[in-house]
1. Excluding Val163 itself, what net charge comes from residues whose Cβ is under 13 Å from its Cβ, given Lys and Arg +1 and Asp and Glu -1?
2. Taking the Cα centroid of the range 132-207 and of the range 69-88, what is the distance between the two, rounded to the nearest whole Å?
3. Taking Lys40 as the anchor, which lysines have their alpha carbon closer than 20 Å to its alpha carbon, excluding any fewer than eight residues away along the same chain?
4. Estimate the FRET efficiency between Glu173 and Glu207 by the formula 1/(1 + (r/R0)^6), using the beta-carbon distance for r and 30 Å for R0, to the nearest 0.05.
5. When you have a sec, figure out the Kirkwood radius of the range 57-207 from all distinct Cα pair distances and drop it here in Å to one decimal?
6. Separation between the Asp96 and Tyr82 pseudo-spin-labels, each 7 Å from Cα along Cα→Cβ, expressed in nm?
Amino acid sequence: MPTTYHTTALFLAVLGLALAPTLSTARADHHEGPADLSGKHVAFLVGEGLQDAETLMPLGFLVNRGATVTVLGVAPGYAKAYNSDVQVRIEKSVDDVSVDDFDAIVIPGGSSPSYLRKHDNVVAFARQAVEDGKVAAAICHGPQLLITAGVLEGKRATAFRSVADELREAGAEYDDVPVIRDGNIITSRIPEDIPVFCAALEEALAE
């Protein structure tokens, strides 16, 4: 039977804590403790075929630090991971909210970004978020949605290696490194980059 994860405090706290040792190492040079992200509102843009760890671990990390997270998609319902039986509840359509309601958007990888980029309302939401200066964090195939939104020209970015040529065609400078922050856009490559991806997102939200 598929495992369905809703945004329960216990599960998300466990996910956030699971990242703590690695994040402590990633932040050691800065001698900083966890940021208090209370009052920050973050939208996760997900669809069918999401990557489970790239969705749930950043989500749990943010909630564990006090942020309010809303899972958005094309329509309310459930989206299944491509790499496991995990399902994530999509709470609202992007049509039901305003970009102004959020401080950041997060775009996990898997085949979810390829699905989302086919929907003009999701693309428009992502484009407006970037143009309005919201933090936009995308990992693995997540930058595909930003490519379709037309917001990566002239930006330095990374992604899963198969997306590299598409990034270049979109006018971005591709670099194969764990995390890149260029202005309000944060990108990472693979699940192993999740700790530094989360640390960069935390830093951007705390500014």
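The numbers here are math on the coordinates, done by the rules we state, and not lab data. Everything numeric here is computed off the predicted structure, so don't read it as measured data. Counting neighbours? That spans all protein chains shown, and the Cβs are built from the backbone with ideal geometry, glycine included.
1. Around Val163, the surrounding residues sum to -1.
2. Here the two parts' Cα centres lie 21 Å apart.
3. Those lysines meeting the cut-off are Lys92, Lys134.
4. On the way: r = 23 Å, r/R0 = 0.78.
With a Förster radius of 30 Å, E is 0.80.
5. Working: mean 1/r = 0.0654 Å⁻¹.
About 15.3 Å, per the Kirkwood formula over Cα pairs.
6. 2.6
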